[in-house]
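What follows is a set of notes on a single structure, which appears directly below.
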Amino acid sequence: MYASREDIGYDFGDDSKVGSKPAKPNPNIDGGWAWMIVLSSFLVHILIMGSQMALGILNMEWLEEFNQSRGLTAWVSSLSMGITLIVGPFIGLFISMCGCRKTAIIGGVLNALGWILSAYASNVHCLFLTFGVTAGVGSGMVYLPAVVMVGQYFQKRRALAQGLSTTGTGFGAFLMTALLKYLCSEYGWRSAVFLQGAISLNLCVCGALMRPLSPKDVSEKYVVRSNSEDNKAKALSHSAETIKSNGPLDDELEKKEEATNEEVLDSVQHIDSGDKSRGGRNMYGLRILKTVSQLTVTVRKGFAIWYSSYFGAASLFTNRVFVAFIIWALFAYSSFVIPFIHLPEIVKQYNLSIQNNIFPLTSIIAIVHIFGKVILGIISDLPCISTWNVFLIANFTLVTCILTLPLMHTYVSLAVVCALIGFSSGYFSLMPVVTEDLVGTKHLANAYGIIICANGISALLGPPFAGWIYDITHKYDFSFYISGLLYMVGIIFLFIQPCIQKKQPKEKSTEEAQV
């Protein structure tokens, strides 16, 4: 295990932009408008992740309405959750070209449209397209910018800020479970889904709050980051040296694109002024040409940066610890999603519906989840505590709870395990922090997009797999056991790979000494 979070950090060339002169800190970093960004992200988590955590209510309604198998019906919820996360790398491309604000606003409209269209679905397959794909893509276009913006606006209190913003998932799961249950009982599931679509339009307001930092503000944050993490390059030097080539690569790319941009715009402006002298003919066409030229340069630049991050010489995949992180993410999220989707059915099988109606088990997970994120965030920000170690301990606790949950058959025992699941799953607030420590702020959008994409694959396959196992065995026990074991494999891989990486510089120095 690591003594500090810097032990797993990678530079990715951010130091190349750091000057020798001390920079005046921007008041909006760790304060000011940064807290509005936290509020925006908090509301996004309520409306997106909270709603998805409450889909167990709609899942039961769809089972009764369409009379399909549990495995097929579970695909609706899984598609929505999975696609929200799977589209992460592609949303990173949108962010590179359009910025977080525009991406989030477009996603809010698309998400609301998916909910509203789902109210008119005639079968499960229509829900695949409207609720699963349309609402899922819209959710992804809002979720990733909400996480990235918090990472950009905070330096000293990143874990706490991410913890506060992601508590919206817990609040949302608690509020949306009660809201959807009430709306379904009073108006039916179709009206409930329609009204939820209207509520989701507030995502556009959240996106409007995501005011981007200027390039000067971002560079100042790099200065603060490099000064506070002087020993980052000392750890894992082999992989760090490989990836540091990305700094010059990006600089050269930016210079080429800026030169192209200036040439195109200058030529258009020259033609523009010439036409003015000739009486202003074809001004409308020239303005269109100028706009298209600017858009083309922006798209090319955004795509080039996105492509170099994934497939270039300085690809994120050259970071071995980051690759281990991706493998962990492929198994982790389904173990958290499966209880939310199938707990209402499990409670019904155990004849615990009366106790569960008084205080639902999913609400217990959601409420404790809130405290878990905040407490783990506060602990991780302490100078003597390693974020990486807190992250690993929380993962081990969660997988233990997943493996023991099928052994509980009383409401009290299930409530205790669900409370532990909620608290330990608070490590979700640490995922952006760990990712930023691994790759740096500059590459956070693309890197975190890959991580949530892996989580999305896990969320996409997990609930249908559990439903399929139930259709065969008429029990959910094996679903929890298998997903828990796969989750344990991912944790072990995540634990072993950094230890191997840490030993490599020592072995290399020993060999050089012998020579």
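Mind checking which helices (runs of 4 or more DSSP H) fall wholly inside the range 329-443 and carry at least 2 residues that are free of Cβ contacts under 8 Å to residues at least 40 places away in the same chain, of a type in the set (S, T, N, Q) and open to solvent by 30 Å² or more (accessible area, probe 1.4 Å)? Walk me through how you get there before you give the answer.
Details: elements: 353-358, 361-380, 387-404, 411-424, 431-439.
Those helices (runs of 4 or more DSSP H) span 353-358, 387-404.
Just to be sure before I move on: is residue 295 modelled with pLDDT under 75, under 23 Å from residue 93 (Cα atoms), surrounded by fewer than 19 Cβ atoms within 10 Å (Cβ to Cβ) and not assigned by the TED database to the domain that holds residue 94 in the structure I sent?
On the way: modelled with pLDDT under 75: yes; under 23 Å from residue 93 (Cα atoms): yes; surrounded by fewer than 19 Cβ atoms within 10 Å (Cβ to Cβ): yes; not assigned by the TED database to the domain that holds residue 94: yes.
Criteria met by residue 295.
Considering only the range 155-181, state which residues are basic (Lys, Arg) and part of a helix (DSSP H, G or I). It would help to see each step written out before you state the result.
The first filter runs over the range 155-181 and keeps only residues basic (Lys, Arg), leaving 156-158, 181.
Within the range 155-181, 158, 181 qualify.
Every residue in the range 115-126 that is closer than 16 Å to residue 194 by Cβ, surrounded by fewer than 24 Cβ atoms within 10 Å (Cβ to Cβ) and of a type outside the set (A, V, I, L, M, F, W, C), please. Reasoning before the result, please.
Narrowing the range 115-126 to residues closer than 16 Å to residue 194 by Cβ: 115-122, 126.
Cutting the leftovers down to surrounded by fewer than 24 Cβ atoms within 10 Å (Cβ to Cβ) gives us 116-117, 119-122, 126.
The answer is 120, 122.
In the range 127-171, which residue that is over 21 Å from residue 211 (Cβ atoms) and β-branched (Val, Ile, Thr) is most open to solvent (accessible area, probe 1.4 Å)?
Applying the filter and picking the extreme gives 133.
Taking the stated definitions as given, is residue 101 closer than 23 Å to residue 428 by Cβ, in the same structural domain as residue 49 (by the TED database) and open to solvent by 10 Å² or more (accessible area, probe 1.4 Å)?
no
So, in the range 37-67, how many residues would count as being of a type outside the set (A, V, I, L, M), more than 15 Å from the chain's Cα centre (by Cα) and under 14 Å from residue 132 (Cα atoms)?
Residues in the range 37-67 being of a type outside the set (A, V, I, L, M), more than 15 Å from the chain's Cα centre (by Cα) and under 14 Å from residue 132 (Cα atoms): 3 in total.
Quick one: is residue 389 at pLDDT 85 or above, not assigned by the TED database to the domain that holds residue 170 and not aromatic (Phe, Trp, Tyr)? Let's see the steps before the verdict.
Values: at pLDDT 85 or above: yes; not assigned by the TED database to the domain that holds residue 170: yes; not aromatic (Phe, Trp, Tyr): yes.
Considered against the rule, which asks whether it is at pLDDT 85 or above, not assigned by the TED database to the domain that holds residue 170 and not aromatic (Phe, Trp, Tyr), residue 389 comes out as yes.
The values are calculated or read from the model by the stated rules, or taken from the named source; none is laboratory data. Nothing here was measured: the structure is a model prediction, and the numbers come from that model. Glycine also receives a Cβ, built like all others from the backbone with ideal geometry; neighbour counts cover every protein chain displayed. Just the protein is used for accessible areas: all its heavy atoms, side chains included, with ligands, DNA and RNA removed. Shrake-Rupley method; radii C 1.70, N 1.55, O 1.52, S 1.80 Å.
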